[in-house]
Structure formats: structure tokens, C-alpha cells
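This structure is in C-alpha cells; I'll ask about it shortly.
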Amino acid sequence: MVTVFISVLVISSIGGVLALLLVLSEKFIANYGICTVDINAEKQIEVQGGQSLLSCLVEEDIFIPSACGGRGTCGYCKLKVIEGGGLLLPTETPFLSDQEQKDDIRLSCQVKVRNDIFIEIEKELLSVRQYECICSGIEDLTHDIKLFKFGLAGSEEIDFIAGQYVQLLTPVYFKGGEEVYRAYSVASDPLNKGAIELIIRLVPNGICTTYCFEHLSIGDTILMNGPYGEFHLSDTESPMVFIAGGSGMAPIRCILSHMLNTGSKRKAVYYFGANKVSELFMIDEIKQFENDLDDFRFVPVVALPDPAEHWTGLTGLVTEAVESDLENAADYEAYLCGSPGMIEASGKVLAKLGVPEGKIYFDSFA
């Protein structure tokens, strides 16, 4: 038994050493020289070989969405690699449909530039810009959620569609750290083009959220790029149901402001879930939309209210509230914002109520 254990240990150690040698050789020994990246057969850039395609593009101020900061866990940084990208990696396949793989779609964070490479990027992404922003306010919303307000430097303005997101660049703030991008939905009024507001929930040991909560101060300058995303209101007159929890409030707040700005008369109901009464926030502000919009109803739901909190609203899971409260659900379009678990559960309830799959839109905060 001891012999078997020692053998396994030796084999594992050898495998670990070989993997380390491969990483070191890639970083310090391999020299791919200067490579050309051809973009849409219209623009060529020269980059130092050996980097990820995503990193090379960022260095040229070409920003591809990457909610995980290029770690290969979000699947957002897709683009078409026509030639020169090498073999499709196992780290990419979980994020690519069979059709996308046939169409040469790749995750740019996983593609190494080792030679000249030919790619296609959606034209909308080529218009994405980076903005210098100054933190103008920080407000506590709950014990682990804050509202961060940023003003764009100088006379800069950003045009975005309600529901879209930006990427915030976290600077190095600890020894051995690195700059990373993280994606956050815009929570502010789209008419205010000189400012951006973000609702951010603290993620334990999260690089970006820890920076925002513990290091970012009013007056500090940071960089953001965007806007990104396809999550926005459809161009119909169908009634709408919004379902969100926690920081999922951000895009819904933005969308409600847009509805007010445009004089929308669409019927809408918003179910906002929290575990405790103390985790509800912006209640008065969202309730004001009930007065300002033609046909809007706000339904906060608390899963486990403390008797001392004297909660008189709906209790239980937000999905239970939707199932029992929403009438004629099949006529609605649904907009879901929150954790993957909440979105999956909401999708099942909506399908049970007869909402067509093609009318369920979501923004998953993984």
C-alpha cells in the first residue's frame, strides 16, 4: 500500500514539475517575436508574440468584453479567428456551441498569439472606449452592497443603452497582484452621460470588490471601458416582469429611468427578492416609479423576515411570489437579473406560467 502511495506521489510530482516547466518555458524561453493581428481585413496591428489575443487587443485600446478578467471562466470574450489561432482548447469548448465552433468562434483570452493571426471583431466593439473616471460618492446600501458614483473626467460623455454594463479596471493594490477587469451593470440614468453609477456587492476575497470596498476613496481616479451587452428592453409594447435580487437592482434601476425619460406606457411589475428586511434597499426610490410611470408595480419580497422587523409585505422566495402573484404571465416579457441560481429558478417558474422561452431575457451575475 505504501509502495502504491509513493508511486502515485512520484508520478504526480513529475507531472507538476513538467507543467511548471511548460509554463516557465512559455513565459521566459519561447520567443515568438513580433506578430501581426489582422482585424476584419481592414486594420493590422503589430504585437509581441506569446501573449493572449485578449491582452494584445487591450494594449491597442481594443476592448473585448471579459467579465472574469481574462481567466477563461465567463465565456464573454468571443470573436472569430479565421486563421492562425491554433487548435481549439478544452478550456474553450464549454462556452462555445457546436455552431460557434464550426464558425471558428474562439475565446480571445485562451488564444495565444504565436504567429500572424486573422480575426473578425463585431464593429460595435471597435467603438468601445476607455474612460477616466473620478469617484464622486460611495453610499452603503446594505452590509455588503454599496453604490459607487463616478464622474467622467473633463467633458467626456458615454452613451449607453439602459441594461448595458461597463468594465472597471482594478489597479494593483497588493503585493503580487495584477490589474484586472470586472464587469458591472450601469445603475444610473442614461440621460446623465457624464456620470456612471454602479451597485456592487462584496465578494469575499474578490479582487475588484475588495478594492472598491476597502481601498477606493472619493476623489480617486479609475479607468472603465464600455459599454457592452445585449441586455435591454425589446422594441415591443408587451407587458414586462422584472425579477432581481441584490446587486441585480442595477440594470433594472437604469431601465426604469429610461422608461420614465421616454414616457413609456408599458405595463411592468418588478419583483425584488431579499433574505432579510435589512437587505432591501432603494425601496423608496423604486416605489416613486409607481407614481411617475403609467402602469408600474413594485413588489419587494423577503424570504425570512425577523419578527422584530414587522415586515408586512410578501414573504418567501421571490420565485414563489412571482408564481402566486403574476396574472396572465404568458402575455409578458421577462427580464431577470441576479445569480445564476436565481435566474435558473425564475426561468423554470416563468416557463411553468406559460412565458415563452424566447421572451425571457437575463443578465447573469456569476
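The values are calculated or read from the model by the stated rules, or taken from the named source; none is laboratory data. What you see is a predicted model; the values in this text were computed from it and never measured. Cβ: placed from backbone, ideal geometry, glycine included. Neighbour counts: every protein chain shown.
Could you please give the count of residues in the stretch 188-208 that are under 13 Å from the mean Cα position of the chain (by Cα) and either of a type in the set (A, V, I, L, M, F, W, C) or under 16 Å from residue 173 (Cα atoms) (or both)? Walk me through how you get there before you give the answer.
Of the residues in the stretch 188-208, the ones under 13 Å from the mean Cα position of the chain (by Cα) are 198-201, 208.
Next cut, either of a type in the set (A, V, I, L, M, F, W, C) or under 16 Å from residue 173 (Cα atoms) (or both) only: 198-200, 208.
The total comes to 4.
Related question: Test of understanding: among 345, 334, 351, 329, which residue is surrounded by 17 or more Cβ atoms within 10 Å (Cβ to Cβ), of a type in the set (A, V, I, L, M, F, W, C) and free of Cβ contacts under 8 Å to residues at least 60 places away in the same chain?
Working: 334 fails: free of Cβ contacts under 8 Å to residues at least 60 places away in the same chain; 351 fails: surrounded by 17 or more Cβ atoms within 10 Å (Cβ to Cβ); 329 fails: free of Cβ contacts under 8 Å to residues at least 60 places away in the same chain.
Selected residue: 345, the only one of 345, 334, 351, 329 that is surrounded by 17 or more Cβ atoms within 10 Å (Cβ to Cβ), of a type in the set (A, V, I, L, M, F, W, C) and free of Cβ contacts under 8 Å to residues at least 60 places away in the same chain.
Any idea which of 239, 190 is at pLDDT 95 or above, touching a His at 6+ places or on another chain (Cβ under 7 Å) and either more than 24 Å from residue 73 (Cβ to Cβ) or not assigned by TED's automatic domain parsing to the domain that holds residue 144 (or both)?
Details: 239 fails: touching a His at 6+ places or on another chain (Cβ under 7 Å).
Selected residue: 190, the only one of 239, 190 that is at pLDDT 95 or above, touching a His at 6+ places or on another chain (Cβ under 7 Å) and either more than 24 Å from residue 73 (Cβ to Cβ) or not assigned by TED's automatic domain parsing to the domain that holds residue 144 (or both).
Out of curiosity, is residue 44 loosely packed, with under 13 Cβ neighbours inside 10 Å and touching a strand residue (DSSP E or B) at 6+ places or on another chain (Cβ under 6 Å)?
yes
Okay, next question. Residues in the stretch 243-269 that are in a strand (DSSP E or B) and buried (at least 24 other Cβ atoms within 10 Å of the Cβ): how many? Walk me through how you get there before you give the answer.
First, pick out the residues of the stretch 243-269 that are in a strand (DSSP E or B): 243-245, 268-269.
Of the ones still in play, those that are also buried (at least 24 other Cβ atoms within 10 Å of the Cβ) are 243-245, 268.
Looking only at that region, the number is 4.
Right, next: Enumerate the pairs (first residue in the stretch 107-131 and in contact (Cβ under 8 Å) with a residue 60 or more places away in the chain and more than 19 Å from residue 156 (Cβ to Cβ); second residue anywhere and outside any strand (DSSP E or B) and of a type in the set (Asp, Glu)) with beta-carbon separation below 9 Å, excluding pairs fewer than 6 apart on the same chain, so at least 6 apart or on different chains.
112/26; 120/104
Just to be sure I understand, how many residues within the stretch 81-119 are surrounded by 13 or more Cβ atoms within 10 Å (Cβ to Cβ), of a type in the set (Asp, Glu) and more than 20 Å from residue 44 (Cα to Cα)?
Counting residues in the stretch 81-119 that are surrounded by 13 or more Cβ atoms within 10 Å (Cβ to Cβ), of a type in the set (Asp, Glu) and more than 20 Å from residue 44 (Cα to Cα) gives 2.
Results for (1) over 23 Å from residue 356 (Cα atoms); (2) touching a helix residue (DSSP H, G or I) at 6+ places or on another chain (Cβ under 8 Å); (3) not small (Gly, Ala, Ser), shown as yes or no for each residue.
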site: 235; (1), (2), (3): no, no, yes
site: 247; (1), (2), (3): yes, no, no
site: 257; (1), (2), (3): yes, no, no
site: 263; (1), (2), (3): yes, no, no
site: 272; (1), (2), (3): no, yes, yes
site: 283; (1), (2), (3): yes, no, yes
site: 287; (1), (2), (3): yes, no, yes
site: 291; (1), (2), (3): yes, no, yes
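Hey, can you tell me all the residues within the stretch 134-161 that are in contact with a Leu (Cβ under 7 Å, 6 or more places away or on another chain) and surrounded by 18 or more Cβ atoms within 10 Å (Cβ to Cβ)?
141, 147, 148, 158 - these are the residues of the stretch 134-161 that are in contact with a Leu (Cβ under 7 Å, 6 or more places away or on another chain) and surrounded by 18 or more Cβ atoms within 10 Å (Cβ to Cβ).
OK, next. Provide a single number: the residues in the stretch 315-326 that are surrounded by fewer than 19 Cβ atoms within 10 Å (Cβ to Cβ) and touching a helix residue (DSSP H, G or I) at 6+ places or on another chain (Cβ under 6 Å).
Residues in the stretch 315-326 being surrounded by fewer than 19 Cβ atoms within 10 Å (Cβ to Cβ) and touching a helix residue (DSSP H, G or I) at 6+ places or on another chain (Cβ under 6 Å): 1 in total.
May I ask you to verify whether residue 286 is surrounded by 15 or more Cβ atoms within 10 Å (Cβ to Cβ) and modelled with pLDDT of 95 or more?
Working: surrounded by 15 or more Cβ atoms within 10 Å (Cβ to Cβ): yes; modelled with pLDDT of 95 or more: yes.
When the stated conditions are applied, residue 286 passes them.
Looking only at the stretch 162-214, count every residue that is of a type in the set (Asp, Glu) and within 28 Å of residue 289 (Cα to Cα) and tell me the total. Spell out how you get there, then give the answer.
First, pick out the residues of the stretch 162-214 that are of a type in the set (Asp, Glu): 178-179, 189, 197, 214.
In the following step, the residues that additionally are within 28 Å of residue 289 (Cα to Cα) were identified as 189, 197.
Total satisfying the criteria: 2.
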